[in-house]
Amino acid sequence: MDNAKLDLRRVTMRFTTRRGDKILAVEEVSFAIRPREVAVLVGTSGCGKSTLLRMAAGLLRPTGGEITLDGRAVTGPGADRGMVFQAYTPFHWLTVQQNVEFGPRIKGVPPGERSAVARHFIGLVGLTGFERVYPKELSGGMQQRVAIARALANDPEILLMDEPFGALDAQTRVIMQELLLKVWEESHKTILFVTHDIDEAIFLGDRVYVMTARPGRIKKVMDVPLPRPRTLEVLTSEPFTALKREVLDLIREETLKAIAEGRPAPR
């Protein structure tokens, strides 16, 4: 795709275990994410979702194929990609303000300017008043807000999110999903989001990429025809329910196929 923000072409990843066993984790995956799009990878655990995301981040090098961002080959980590992990990753020795200022400070942004940038994103994620607080004094959901603000303050071309709400309780998770949609409405950042939660995938995404069981391939690409801005009411709408049923059937089919072929079911 000529106007793709992130483009994966025939991406493959093979691992060799310590015992010398060779594992084909991802095979011949191709897709292109448009600018300002929220693209979601969904599938059972072990299907290669996070592996694909880490390759897009430059944390892993594919053993085959090519990944480009704005037409430039991804060969390693870079400030043009912001990463938010499932684990809480704020720097615990820095305050919220210092955490969010970290990227701009490394870039050499003047103190006054980076302070203003940090305050803007701290406010955007609902943490105004917590600027001088240390992460260990915050809840898990609030720590993830810090991580999102820190990633956005660096002004990346794309935000890569690896099950960022997976460790949160159900109520906090919904609140964080709504928060992410609010942040997207203001920033319109391109997002590649990984989850195993089907409701989350459909609620957040413009397109959902359903993956096969290992080795991970793209089984189906599904457009999400739900209007934006979105509210929780869409979760009970007929279009949402129909999409959820289809995704569930696709993933169930892959799990049953893996069992029938004698492969361990994904964990």
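Each residue in the stretch 94-138 was checked for being within 21 Å of MET176 (Cβ to Cβ), of a type in the set (A, V, I, L, M) and buried (at least 17 other Cβ atoms within 10 Å of the Cβ), and 8 of them qualify.
Per-residue answers, yes or no, for (1) within 24 Å of THR68 (Cβ to Cβ); (2) touching a Cys at 6+ places or on another chain (Cβ under 9 Å); (3) assigned by TED's automatic domain parsing to the domain that holds ARG10:
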residue: GLY166; (1), (2), (3): no, no, yes
residue: VAL183; (1), (2), (3): no, no, yes
residue: GLU186; (1), (2), (3): no, no, yes
residue: ILE198; (1), (2), (3): no, no, yes
residue: LYS219; (1), (2), (3): yes, no, yes
residue: THR231; (1), (2), (3): no, no, yes
residue: VAL247; (1), (2), (3): no, no, yes
residue: GLU254; (1), (2), (3): no, yes, yes
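When ARG214 is tested against (1) surrounded by fewer than 19 Cβ atoms within 10 Å (Cβ to Cβ); (2) modelled with pLDDT under 95; (3) over 15 Å from the mean Cα position of the chain (by Cα), exactly one condition is not met: (1).
Which of the following residues is touching a residue at least 60 places away in the same chain (Cβ under 8 Å) and acidic (Asp, Glu): GLU238, GLU186?
On the way: GLU238 fails: touching a residue at least 60 places away in the same chain (Cβ under 8 Å).
After applying the criteria, what remains is GLU186.
Of note, ILE259 satisfies the criterion of being aliphatic (A, V, I, L, M), within 21 Å of GLY48 (Cα to Cα) and modelled with pLDDT under 95.
The values are calculated or read from the model by the stated rules, or taken from the named source; none is laboratory data. For clarity, every value in this text was computed on a predicted model and none was experimentally measured. Neighbour counts run over all protein chains shown; Cβ positions are idealised from the backbone, glycine included.
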